[in-house]
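Written out below as structure tokens is the structure these notes cover.
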Amino acid sequence: MRHHVLLSIVGIAEVEGNAHYAGKREQERLVAAGPVPWTIVPATQFHDFAAMVTSWTEQDGAATIAPLLVQPIAPADVAEILAEVAVGPPQGRHADVAGPEPQDLVDMARRTNAARGHDVRLVPTWAGLFGTEMAGDVLLPAPDARIAPTTFEEWLATQG
């Protein structure tokens, strides 16, 4: 049986004005409207998201970053869940998948860059890539989320 599995992002329905999230919403709409049975798996941000965001904005040793509250997940945990879903029956919308604990994106960026030996001054701001529409618990998983086991600290220990 054919089965379309789409990895999506937790919270995209709540965030207007972000082109990437608008694209993901449209992708979800097209998959759900299509003829192939489907499962959409919304995941929280990956553990390396904070460092990736600072790399997008870094100039002259400084990077802007929004003080987002996220519940990051290990990419390996997402891969395991996607593989499990892919060999199972179509489920429609899967429960959110997330890591075990909420984190502050600025702190994650500081810690990840330090673990990787990358010196960058972080400038927390809502005036950068992500605005206040993403503040608070918008990016956190629903109460019925599937919680993956790998903590940010466990993943961070592999970054040195």
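Here are the numbers for the structure shown:
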{"quantity": "Criterion violated by V106 - all others in (1) more than 17 Å from V10 (Cα to Cα); (2) surrounded by fewer than 14 Cβ atoms within 10 Å (Cβ to Cβ); (3) at pLDDT 95 or above satisfied", "calculated": "(2)"}
{"quantity": "Wholly within the stretch 1-120, helices (runs of 4 or more DSSP H) carrying at least 3 residues that are of a type in the set (K, R)", "calculated": "19-33"}
{"quantity": "Restricting the stretch 121-133 to residues that are in contact with a strand residue (DSSP E or B) (Cβ under 9 Å, 6 or more places away or on another chain) and outside any loop (DSSP other than H, G, I, E, B), the residue that is farthest from V70 (Cα to Cα)", "calculated": "R121"}
{"quantity": "Filtered residue count, the stretch 122-134, keeping only those that are out of contact with any Ser or Thr (no Cβ under 6 Å at 6 or more places or on another chain), among the aliphatic types (A, V, I, L, M) and modelled with pLDDT of 90 or more", "calculated": "1"}
{"quantity": "Qualifying residue in the stretch 124-140 (condition: farther than 21 Å from L7 by Cβ and buried (at least 17 other Cβ atoms within 10 Å of the Cβ))", "calculated": "no"}
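The values are calculated or read from the model by the stated rules, or taken from the named source; none is laboratory data. This one's a predicted model, so the numbers in the text were calculated from it and none came from an experiment. Cβ coordinates were reconstructed from backbone atoms using ideal geometry, including for glycine residues, and neighbour counts include every protein chain displayed.
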